[in-house]
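What follows is a single structure, written as structure tokens, with notes after it.
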Amino acid sequence: MRIKWLLITILLCSLLLTGCSSQPLQEPEKWAMVEEKVMTFSDGESVNLWRRGPFGHAAYKLSDETTLLLVQDPAGPANVYVGGVESLNDLSEPAQRAVAAFYEEQGLLYNVPSELEKAYADYLACQDKGTLFHEHYISQDIVPTASNDSIICFLTSVILPVNGQMAQEVHLGAVFSRETGEVLNNWELFSLPEDEARQRLLDIFNVADSALRTEMQAALKPEYIILFPDNLDVTFPRGTLPSQAYSYSIGLGYDELQGVIQSWAIPNSDGI
């Protein structure tokens, strides 16, 4: 069955493996300032960098300790586990190094100084209007999504603020050779040439709005293709489709992709 939805949110915390402990809950780490005046705005106001614990979040706060921006420490691809899905640690060491090198080169998909400028502008606007300012939030996680004997797949999920009360999530997929860790062009997953595969995907999407189909054809990039055990998702980030206010995703079962997708590119349906 084909599934369409506008705004995707992967509840990573519900997927990541958790455990139980008989140990009593500890008091949460307190915030501590680690660097003053990490950035100064054009009006002379500056922000200080605070952290809570060695791993977790960084907070950028004004001198009165108003938090402008919270940044979660990035996670993955190493040491991130999803129930029922193979992880980076299941690969050979050379393959692990190759995958890690790819994501090291990809780096962070956000810019803290730019996001601080946006957060401070939002803060000043709220001050002028006498409304409550909501701190901005950023995170970036890389998690495994699917695998088989030939490939392993990962998803980069980035949460970026639109304003203090709204966020957008960007999803980017990557597929790697299980043996070598070499990244594949996602168009290689299909048994047809790229132009034909693109058109066949659009046909399978069965989008009734011809204008939207044209937008999809222009916007579709290979990294928008994400493989999961039971379906292939194509996700267009917010802003890539002019007619859509939010992200837009279509999920396709692998039975719908017969004759289009390579047999070796279909993940194990039971994960591991």
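Roughly what % of Cα-Cα distances in region 185-271 sit above 20 Å, to the whole percent?
30 percent
As an exercise, use a Förster radius of 25 Å and the Cβ-Cβ distance of Ala245 and Ser114 to find the FRET efficiency, rounded to the nearest 0.05. Working shown, then result.
Values: r = 22 Å, r/R0 = 0.89.
The calculated FRET efficiency here is 0.65.
Phe41 label point, 7 Å along Cα→Cβ, cut-off 11 Å on backbone N: hits in region 126-144?
Of the residues in region 126-144, 126-128 have backbone N under 11 Å from the label point off Phe41.
In deg cm²/dmol and to the nearest 500, what is the mean residue ellipticity at 222 nm of the chain if only DSSP H runs of at least 4 residues count, each as -39500 (n - 2.57), divided by the residue total?
Mean residue ellipticity at 222 nm (helix-derived): -6500 deg cm²/dmol.
Could you check what % of the DSSP bridge pairs in the chain are antiparallel, to the nearest 5?
95 percent
For the chain, report the % of Cα-Cα distances exceeding 28 Å.
On the way: 16728 of 36856 pairs.
Tail of P(r) above 28 Å: 45 percent of Cα pairs.
Once both axes come from the Cα atoms, what is the angle between helix 194-205 and the longest principal axis of the chain, in degrees from 0 to 90, rounded to 10?
Once rounded, one gets 80 degrees.
For region 30-183, what is the charge dipole size about the Cα centre, in debye to the nearest 20, if Lys and Arg each add +1 at the Cβ and Asp and Glu each add -1 at the Cβ? Working shown, then result.
Numbers: 9 positive and 22 negative charges, 59 e Å.
The dipole of region 30-183 has a size of about 280 debye.
Measuring from a point 7 Å past the Cα of Gln217 along Cα-to-C-beta, which residues in region 175-199 have an amide N at less than 19 Å?
Correct set: 192-199.
Rounded to the nearest whole Å², what accessible area per residue is found for the chain with the 1.4 Å probe?
Heavy-atom SASA per residue in the chain reads 53 Å².
Any chance you could get the radius of gyration and Dmax over the Cα atoms of region 109-167, in Å?
Rg, Dmax (Cα atoms, Å): 16.9, 58.
Roughly how tilted is helix 93-106, in degrees to the nearest 10 and between 0 and 90, from the longest Cα axis of the chain?
The answer is roughly 60 degrees.
Placing unit charges on C-beta atoms (Lys and Arg positive, Asp and Glu negative, everything else neutral), compute the dipole magnitude of the chain about its Cα centre in debye, rounded to 20.
400 debye
Give the angle, between 0 and 90 degrees and rounded to the nearest 10, that separates the Cα long axis of helix 210-219 from the longest principal axis of the Cα atoms of the chain.
80 degrees
Per the 1.4 Å probe, what fraction of the accessible area of the chain, in percent, lies on carbon and sulfur atoms?
Of all accessible area on the chain, carbon and sulfur atoms account for 51 percent.
The values are calculated or read from the model by the stated rules, or taken from the named source; none is laboratory data. As the structure is a prediction and not an experimental result, all values here were calculated from the model. No Cβ is skipped: glycine too gets one built from the backbone with ideal geometry, and neighbour counts run over all protein chains shown. Quick note on the areas: whole protein, heavy atoms, side chains included, nothing else; ligands and nucleic acids left out. Shrake-Rupley method; radii C 1.70, N 1.55, O 1.52, S 1.80 Å.
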